[in-house]
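Let me begin by presenting the structure, written as C-alpha cells, before commenting on it.
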Amino acid sequence: MGLEMYTLILSVGLSSASLRSSVTCTGEGGDPWSSGDHVDCCTGLMEVLDNWNGDGITYRYECILHRQSDYKKIICPFLSTLIHEHALPVRDWYTRAELTDLVVNVGGLSKEEVSKHIHAQFRMLRTLKIDIFDMEGLPDEHQTSSGINDCYSDYSDYRSCPSNPDTSPLAGVRVCPTPSKSCGVPNSDKLHIFWEHFDTNSDEQLSVAELQQGVASWSPQAVDHNTDPQVEGKLDDAFKFLIQTFSNSDSMSKTDFMTVNLQRQYPPNFAFGAGCSVADEYTAPPFQVDGATHSYQFGIKAYNGKWLSAGDGGEVIADSVKHLWTAEVYVTDTGPKVALRSSDTGLWLSADPNGVLGFKAKHSWYEEWSADQFTTEAGSKLHLQSAFGGFLSVPVDYTGPVHIVPKASRDESFQLVYCKLLEPNDALAFV
C-alpha cells in the first residue's frame with residue numbers, strides 16, 4: 001500500500017472517529033446504534049425497538065418523543081381519548097387547524113362553541129402549535145382544575161414563568177413549573193370527589209347546569225389556580241365541552257364520565273365522525289392538509305355512495321355510514337404518494353402484490369397509493385392505485401369486500417369528503 005493511500009485511509013478513519021465522538025446524543029427519529037457505538041437519545045426522547053418500516057422483518061432502535069401508549073400523559077381527557085381510540089395520529093405537536101377540524105368532526109357542539117373553545121386554548125400560543133402530550137403549566141390551562149387528569153402547576157407568579165426558546169413549537173410561551181408530572185393521573189379518587197361536589201341531586205347524571213352552579217364553590221378543592229386574569233378557559237366550560245361532545249346532550253352518566261376520564265375510551269353509544277352534517281361537507285382535491293402538512297379528517301366516498309371503511313374483522317369494506325381517514329402525503333422517486341390511515345382502527349390501508357387488501361399497523365411501500373385526480377360534472381374525483389398497479393374498486397352493485405382491479409373506470413372513482421373549518425386564518429394546502 002502506498003504512503004499516500006495509507007495516509008488517506010488513516011485520515012478518513014480519524015475524521016469518522018472524531019465525528020462520532022462529537023455526537024453527544026441521538027436526535028429524534030435517529031438510530032442510537034447507527035454509528036456502531038451506542039449514543040444515548042437526547043433529553044426528552046425515548047429509545048424504542050420496533051419494526052419501523054412495517055415489513056414485519058427488520059427491527060431497529062429509534063429515538064422518539066411520543067407513542068400511542070403515552071396517551072395518559074395527555075391531561076385533556078378529550079384529546080387523550082381520541083389518541084387512545086386512534087382517531088388522532090400521534091405527532092410531536094399539533095396545529096390549531098387540525099385540532100379544530102378534529103373537533104368539528106366529533107360533533108355535539110355548535111360551530112360558535114367550537115371556535116370559542118379552540119381560541120381559549122391557543123390564545124397565547126403564537127405559533128398556533130401545541131404538544132398535547134405536555135400541556136401542564138401552559139398559560140391557557142383553565143382558571144381552576146379538577147385534579148382528575150392534571151398535576152399541580154404553580155401559577156402564583158405567572159408573569160415570571162420561564163419562556164420557551166424560539167426553536168420550540170411553543171416559542172416565547174411562558175410555561176409555569178409543574179413539580180411532578182407523575183402524580184398518579186388519571187386519579188379515580190379525585191373523580192369521585194369531583195362527582196360528589198357537582199352531582200347535587202345525586203341522580204348519577206352530571207348536567208351542564210350542575211357544572212355551572214357548582215364551579216364557584218369548587219375553588220378550594222381545585223388543584224390548579226391560574227391567577228392570570230386574561231385566561232379564558234374555565235373548568236365548567238371544559239367539562240361542558242366533554243359532556244356535549246361525547247354524549248351529544250347536556251348531561252352524562254357517571255359510568256360514561258368514568259369511561260372517558262379514567263379509561264380514556266369512547267362511551268358505548270359514541271361514534272367518531274358524526275359531527276359533520278351533509279350541509280357542512282365538501283369535496284376537495286387530494287389531499288387537504290394544514291400549513292404543517294398535517295392531514296385533516298376526510299371520508300372516501302365511492303361512486304355508488306358507499307364509504308370506504310374498516311370492517312370488524314379487519315377487512316376493507318364499503319359502508320353506508322361515513323368512516324374517517326387521515327393521510328400521510330410524501331414524495332418518492334416515482335412521484336407523490338399517499339398512505340391512508342383509518343381513524344377508527346389506526347391501521348393503514350394495504351394491498352399486497354396479489355391484490356389482496358387489508359390493513360397494517362405501520363406503513364411501508366405496500367401501503368403506498370397513487371392518487372390520480374380528475375374532474376367530472378359531479379366534482380373532483382380520483383382513482384387510488386396501489387404500489388403494484390391495481391386500482392381500488394367498489395362496484396355499483398357492491399355486495400362483498402372491496403377489491404383491486406387492473407384498470408380504472410367508473411367503479412374505481414372516489415371523492416374525498418371534508419368538513420368545513422371554522423378558523424378563517426387557517427390556511428389550506430392541497431397536495
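Worth pointing out:
- Strands (runs of 3 or more DSSP E) fully within the stretch 175-292 that include at least 1 residues being hydrophobic (A, V, I, L, M, F, W, C) and either more than 22 Å from the chain's Cα centre (by Cα) or closer than 30 Å to S160 by Cα (or both): 205-207, 251-253.
- All strands (runs of 3 or more DSSP E) inside the stretch 293-341 with 2 or more residues being in contact (Cβ under 8 Å) with a residue 60 or more places away in the chain: 298-302, 316-319, 324-332
- Failed condition for I317, given (1) surrounded by 17 or more Cβ atoms within 10 Å (Cβ to Cβ); (2) within 28 Å of W93 (Cα to Cα): (2)
- Verdict on D154 being crowded, with 20+ Cβ neighbours inside 10 Å, charged (D, E, K, R) and in contact (Cβ under 8 Å) with a residue 12 or more places away in the chain: no
- Per the listing V260, V208, the residue uniquely under 28 Å from V175 (Cα atoms) and either in contact with a helix residue (DSSP H, G or I) (Cβ under 7 Å, 6 or more places away or on another chain) or of a type in the set (A, V, I, L, M, F, W, C) (or both) is V260.
- Considering the stretch 394-420, and only residues there that are of a type in the set (S, T, N, Q) and within 30 Å of T100 (Cα to Cα), the residue that is nearest to the chain's Cα centre (by Cα) turns out to be Q415.
Read-outs throughout are calculated quantities, based only on the coordinates presented, and are distinct from any laboratory measurement. None of the values given here were measured: they were computed from a predicted structure. Cβ sites come from the backbone with ideal geometry, for glycine too, and all protein chains shown count toward neighbours.
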